[in-house]
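Enquirer: Before I ask anything, let me first share the structure, which is written out below as structure tokens.
The values are calculated or read from the model by the stated rules, or taken from the named source; none is laboratory data. Because the structure is predicted, anything quoted here is derived from the model rather than measured. Heads up, the Cβs are rebuilt from the backbone with ideal geometry, glycines too, and the neighbour counts pull from every protein chain shown.
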Amino acid sequence: MTDDGAGTGTAWQLSEEQQLIRRTVRDFADQHVDPIAAEIDEEERFPQENVKRLADLGLMGMLVPEEYGGSGADAVSYAVTIEELSRSCASHGVIASVNNSLVAFPIHRWGTDRQREEFLPNLCNGGLGAYALSEPGAGSDPAGMKSTAERDGDSYVINGQKNWITNGSHADTFIYFAKTDPDERHRGITAFLLDDDMEGFEKSQPEDKMGIRAAHSVSLMLDDVEVPEWRILGEEGQGFKIAMQVLNGGRVGIGAQAVGIAQACLDDSVEYADQREQFGQTIGDFQAIQHKIADMAMKTESARNLVYKAAAAKDAGEDVARIASIAKLNASEAAMDNAVEAVQIHGGNGYSTDYDVERYMRDAKITEIYEGTSEIQRTVIARETMGR
Ligand SMILES: Cc1cc2nc3c(=O)[nH]c(=O)nc-3n(C[C@H](O)[C@H](O)[C@H](O)COP(=O)(O)OP(=O)(O)OC[C@H]3O[C@@H](n4cnc5c(N)ncnc54)[C@H](O)[C@@H]3O)c2cc1C
């Protein structure tokens, strides 16, 4: 292990401040996340107590300037944070990732002064945000959404349904995408800032999921919800552009989540291979196991470096569409590959809930699905690379 705690070698040199953030998050995760990770997964319990603790450490509004209650950190520090949380518990990783990069960041980036003042201090200080784009009939193709927002004087009336909304059970602030012009596809979409206590706004019970079970996903049902015009984020008709730019940044966070899972798989496998004995020696003495560990280390390193590179590009103000998709695709496949090998190295024990690798395998899978499936990432990368 190097000083930064991730066994990264020297390929990527974090600044002293970034290393301090890594140590702070690791200490937090050791104290407050590790002890409950298996239990909240089994019970599907949302770790509300840790949301406030994370906020107190400045980790829920990392990309927001201090004047609005955030910590004004850079995207690399943010990636390091999500990685370290996810190394202990991927549910914690996505809860923080959604709040930071899918909700607080766009409100600061596209919000008016009024919107920034109204929503950001809450989101940075223990309130929770959710990002409502997907619908039952519109996942990979969000421009096919059916939610509508019809103008009525100085307000809009929103009707529609969203599904799979992470943090939805506990969130009080929602970015909700709806069509202000239902005859258009991309150009007809507008982003709105909603509160969960608005009349006509309902949430379902959380889905019963394979993995990230402590990060609740709910459906939203909106029935004639009246939303004043000042709650439009950006401009009318700009919603799709905002949604895609937000996801470009969000993919850095999910890539970081995947790196954390990949690292956890490696850590647990090294430990197990050193202890488990068969044929009178540890299984770590077998070259077959050593080579699995080598492949896992290689995939984790390359995933981490690409995710940090994408984060650094974001910090430099570059267009990250291509590199964020590459980083997310590579890291999610590394997490899944490492999880499969970690279970294999653990043998029968890997198939038991007594060992964390079983949870890592269920958690790893989601990184290949949300914020754009692997097929969609390949489509984006090909488009950006081939200029089509
Ligand atoms: C646990 C969880 C949390 C989520 N959180 C959120 C959230 O907070 N907010 C939110 O808005 N959404 C959220 N989602 C939704 C998520 O982003 C979508 O599930 C995802 O984008 C895929 O959409 P879909 O499920 O409708 O699959 P579909 O789009 O129906 O895709 C099904 C299959 O077809 C493939 N496919 C589709 N189109 C193409 C194409 N053009 N080329 C090649 N293959 C294609 C896909 O890759 C996939 O393999 C979440 C989902 C889950 C499971």
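Conditions tested, residue by residue: (1) assigned to a helix (DSSP H, G or I); (2) at positive phi; (3) crowded, with 21+ Cβ neighbours inside 10 Å.
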{"residue": "Trp12", "(1), (2), (3)": "no, no, no"}
{"residue": "Glu17", "(1), (2), (3)": "yes, no, no"}
{"residue": "Val25", "(1), (2), (3)": "yes, no, yes"}
{"residue": "His32", "(1), (2), (3)": "yes, no, no"}
{"residue": "Ile40", "(1), (2), (3)": "yes, no, no"}
{"residue": "Phe46", "(1), (2), (3)": "no, no, no"}
{"residue": "Asn50", "(1), (2), (3)": "yes, no, yes"}
{"residue": "Ala55", "(1), (2), (3)": "yes, no, yes"}
{"residue": "Met60", "(1), (2), (3)": "no, no, yes"}
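Enquirer: Now for a separate question. Please find, among Asp141, Asp113, Asp152, the residue that is among the acidic types (Asp, Glu) and under 20 Å from Gly200 (Cβ atoms).
Expert: Result: Asp152 is the single residue among Asp141, Asp113, Asp152 that is among the acidic types (Asp, Glu) and under 20 Å from Gly200 (Cβ atoms).
Enquirer: Would it be correct to say that Gly372 is free of Cβ contacts under 8 Å to residues at least 12 places away in the same chain and not charged (D, E, K, R)?
Expert: When the stated conditions are applied, Gly372 does not pass them.
Enquirer: Can you pull out the residues in region 64-80 that are in contact (Cβ under 8 Å) with a residue 60 or more places away in the chain and buried (at least 21 other Cβ atoms within 10 Å of the Cβ)? Before you say what the answer is, go through the steps one by one.
Expert: Step one: filter region 64-80 for residues in contact (Cβ under 8 Å) with a residue 60 or more places away in the chain, giving 64, 74-80.
Correct list: Val64, Ala75, Val76, Ser77, Tyr78, Ala79, Val80.
Enquirer: Is one or more of the residues making up region 101-123 away from the ligand (no atom under 16 Å from the Cβ) and surrounded by 24 or more Cβ atoms within 10 Å (Cβ to Cβ)? Working first, answer last.
Expert: Filtering region 101-123 down to residues away from the ligand (no atom under 16 Å from the Cβ) leaves 108-122.
Filter again for surrounded by 24 or more Cβ atoms within 10 Å (Cβ to Cβ), leaving 119-120.
Yes: region 101-123 contains one or more residues that are away from the ligand (no atom under 16 Å from the Cβ) and surrounded by 24 or more Cβ atoms within 10 Å (Cβ to Cβ).
Enquirer: Additional query: Among the residues of region 333-361, which ones are within 16 Å of the ligand (Cβ to nearest atom) and either assigned to a loop (DSSP other than H, G, I, E, B) or closer than 26 Å to Ala138 by Cβ (or both)?
Expert: Within region 333-361, Glu333, Met336 meet the criteria.
Enquirer: Which of the following residues is under 22 Å from Val252 (Cα atoms) and more than 14 Å from the ligand (Cβ to nearest atom): Arg87, Arg151? Please lay out each step first, then the result.
Expert: Details: Arg151 fails: under 22 Å from Val252 (Cα atoms).
Answer to the selection: Arg87.
The rows are residues; the columns are (1) surrounded by fewer than 18 Cβ atoms within 10 Å (Cβ to Cβ); (2) closer than 20 Å to Ala37 by Cβ; (3) in the same structural domain as Glu277 (by TED's automatic domain parsing).
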position	(1), (2), (3)
Gln344	yes, no, yes
Asn349	yes, yes, yes
Ser352	yes, yes, yes
Tyr360	no, yes, yes
Thr367	no, yes, yes
Thr373	yes, no, yes
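Enquirer: Quick check on my filter: what residues within region 274-320 are farther than 23 Å from Val76 by Cα and hydrophobic (A, V, I, L, M, F, W, C)?
Expert: First pass over region 274-320, keeping only residues farther than 23 Å from Val76 by Cα: 274-295.
Once the filter is applied, which keeps residues that are farther than 23 Å from Val76 by Cα and hydrophobic (A, V, I, L, M, F, W, C), region 274-320 yields Phe279, Ile283, Phe286, Ala288, Ile289, Ile293, Ala294.
Enquirer: Would you mind finding the one in Glu207, Glu135, Glu184 that is under 20 Å from Gln238 (Cα atoms) and within 9 Å of the ligand (Cβ to nearest atom)?
Expert: Working: Glu207 fails: under 20 Å from Gln238 (Cα atoms); Glu184 fails: within 9 Å of the ligand (Cβ to nearest atom).
So the residue among Glu207, Glu135, Glu184 that is under 20 Å from Gln238 (Cα atoms) and within 9 Å of the ligand (Cβ to nearest atom) is Glu135.
Enquirer: Next up: Can we say Thr190 is in contact (Cβ under 8 Å) with a residue 40 or more places away in the chain, under 23 Å from the mean Cα position of the chain (by Cα) and either loosely packed, with under 15 Cβ neighbours inside 10 Å or within 26 Å of Ile95 (Cβ to Cβ) (or both)? Step through it out loud before you land on a result.
Expert: Details: in contact (Cβ under 8 Å) with a residue 40 or more places away in the chain: yes; under 23 Å from the mean Cα position of the chain (by Cα): yes; either loosely packed, with under 15 Cβ neighbours inside 10 Å or within 26 Å of Ile95 (Cβ to Cβ) (or both): no.
Judged against the criteria, Thr190 is not a match.
Enquirer: Just to verify a result, which residue in region 226-249, among those that are in contact with a Leu (Cβ under 7 Å, 6 or more places away or on another chain) and either at pLDDT below 95 or not in a helix (DSSP H, G or I) (or both), is nearest to Arg87 (Cα to Cα)? So that I can check it myself, show each step before the final result.
Expert: Step one: filter region 226-249 for residues in contact with a Leu (Cβ under 7 Å, 6 or more places away or on another chain), giving 227, 231, 233, 242-243, 246.
Then drop every residue that is not either at pLDDT below 95 or not in a helix (DSSP H, G or I) (or both), which leaves 227, 233.
Values: Val227: 39, Leu233: 33 Å.
Checking each candidate, the answer is Leu233.
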